[in-house]
Amino acid sequence: MKRRTLLLVSAVLAAGLIPLSQGFAQPKEVVIGVLYPLSGPVAQVGIDAVAAVKTAVEIVNEDVDLNVPLGPGKGLPNLGGAKIRIVVADHQGKPDVGQSDAERMITQEKVNALYGAYYSSVTAAGSQVAERFQIPWVNGESTSPKLTKRGFKWFFRTTPHDAEFTQLMFDFIRDFQAEKGMKLSSVAIFHEDTLWGTDSGRVQNDLAKGLGYKVVSKISYRAKTTSLTPEVQRIKAASPDVFLPSSYTSDAMLFLRTAKELDYNPKLLVAQNAGYTDPTFLKTMGKDAEGVITRSPFNMDLARTIPLINKINTRFKKHSGGRDLSDVPVRAFTGFMALVDAINRAGSTDPNKIREALTKTNIPSDKLIVPWKGIKFGPDGQNLLVRGILMQVQNGKYCTIYPFDLAACKLVYPMPTWKQKAKM
């Protein structure tokens, strides 16, 4: 009897009367490997990113009435309601660890896709493994422009990269000058020496010179250094109109402490994200961070125009121990939802079908919690519909100041001096 039933089902499937995607062979779960730094100087960033991924998993796996991909309904409908399960690894910010984690997840954990990994250098190393094994890797927050210039077929990135963010910075400088009727003619570039910092400094240098700004100083320093005194002295002596740092958390805090000690007062500090948006940075530096500007794809004050933010934030806080959404977890959530949406549209855990679905991604802006125009990947795997913002630390909080049509606050210029901050 069992054999007769099996033969009947096989005949029906072969005849195309029941699509294979609706057959009994659908997987009960889809396994995704998630890599972030959960220890070391940027551990909080990684912990928050994983909390954001867990928020996304909850929304997909449960029946949640939210206008995001796969909100209503339980699981992945095109895979018979299969649930998402994540396997999390701590790469410690080390490319070699990330590389070995990626290989272990593919060969031992049998993941269907990989996601992460914040540090551009780790993402570069890990995604090479994914490319070799032909497993999709989606990234939500690494911003080295080189990541989508390697000719990879299995790598996709949802976030803006540093070239796009740097263009935003110089658009702001241009518009600010026009608004104030003033002239800013010189910049100083300051970056750490990993893949991300080096790429950021190169892009800023090229764009600044192309736009006619004088680069009075371009300094590369050793990542996670214990002293920046000579570097800050050089920047102070150069006295740029605009200071452009690219630093992870510990370096960003060290720079401000050293600038305070040497009484260097930048008039306009526009940071390339990273350490300057780590929640630990603001909590640790307090009023010493006042006036700092950083690029970002997100700020909580955007909830005024994107109501979905508060709804996602309520769920995120359950996984983050009460912490609010910030830059990195928002990008982590957004990219992960794009990956899961593609897996559902693929209707399969076959890597080739997932990759094909990723190339056809077209998520509209009203399903996102970032101010982008949507998510649609170009031939290189880069999201074509990105948009960034600039935000400034004012009264102990980040406040959106640019683009002007999204601004919640007026720019404070010049940024407060150390003497002024001491009186706050």
List the aspartates and glutamates whose Cα lies under 14 Å from the Cα of K353, skipping any in the same chain that are fewer than 8 positions away.
D341
Local net charge near S200, Cβ-Cβ under 13 Å (Lys/Arg +1, Asp/Glu -1)
-3
Rg over Rh of region 46-147, using C-alpha atoms and the Kirkwood radius, what does it come to?
1.00
Net charge near E131, counting Lys/Arg +1 and Asp/Glu -1 over other residues with Cβ under 9 Å of its Cβ?
+3
What is the angle, in °, between the Cα long axis of helix 95-107 and the longest principal axis of the Cα atoms in the chain? Nearest 10 is fine, range 0 to 90.
10 degrees
In whole Å, how far is the Cα centre of region 37-62 from that of region 333-389?
19 Å
Length gain on complete extension for the stretch A422 to V64, per 0.36 nm per residue less the alpha carbon to alpha carbon distance?
124.1 nm
Restricting to DSSP loop positions (anything but H, G, I, E, B) with no more than 16 other Cβ atoms inside 10 Å of their own Cβ, which chymotrypsin sites (Phe, Trp or Tyr not before Pro) remain in region 219-267?
none
Top positive-direction residue, dipole computed over the chain with Cβ charges, set L147, T349, G93:
T349
Relative to the longest principal axis of the C-alpha atoms of the chain, give the angle of the C-alpha long axis of helix 120-133, reported between 0 and 90° and rounded to the nearest 10°.
20 degrees
So how far, in whole Å, is the C-alpha centre of region 245-277 from the one of region 148-177?
21 Å
For the chain, the Cα convex hull volume per residue in Å³ comes to 140 Å³
Violating pairs (Cα-Cα greater than 26 angstrom) within the set K267/K311; K260/K423; K28/K110; K180/K214
K267/K311
How far is helix 162-180 tilted off the main Cα axis of the chain, in degrees rounded to 10, range 0 to 90?
40 degrees
222 nm mean residue ellipticity, helices alone, for the chain (DSSP H n ≥ 4; -39,500 (n - 2.57); rounded to 500)
-13000 deg cm²/dmol
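Calculate the dipole size of region 247-372 relative to its Cα centre from +1 charges on Lys and Arg beta carbons and -1 charges on Asp and Glu beta carbons; express the result in debye to the nearest 20.
440 debye
Since every read-out is calculated from the coordinates, none of them should be taken as a lab result. The model shown is predicted, which means the values in this text are computed figures rather than measured ones. Every residue, glycine among them, receives a Cβ derived from its backbone with ideal geometry; neighbour counts consider all protein chains shown.
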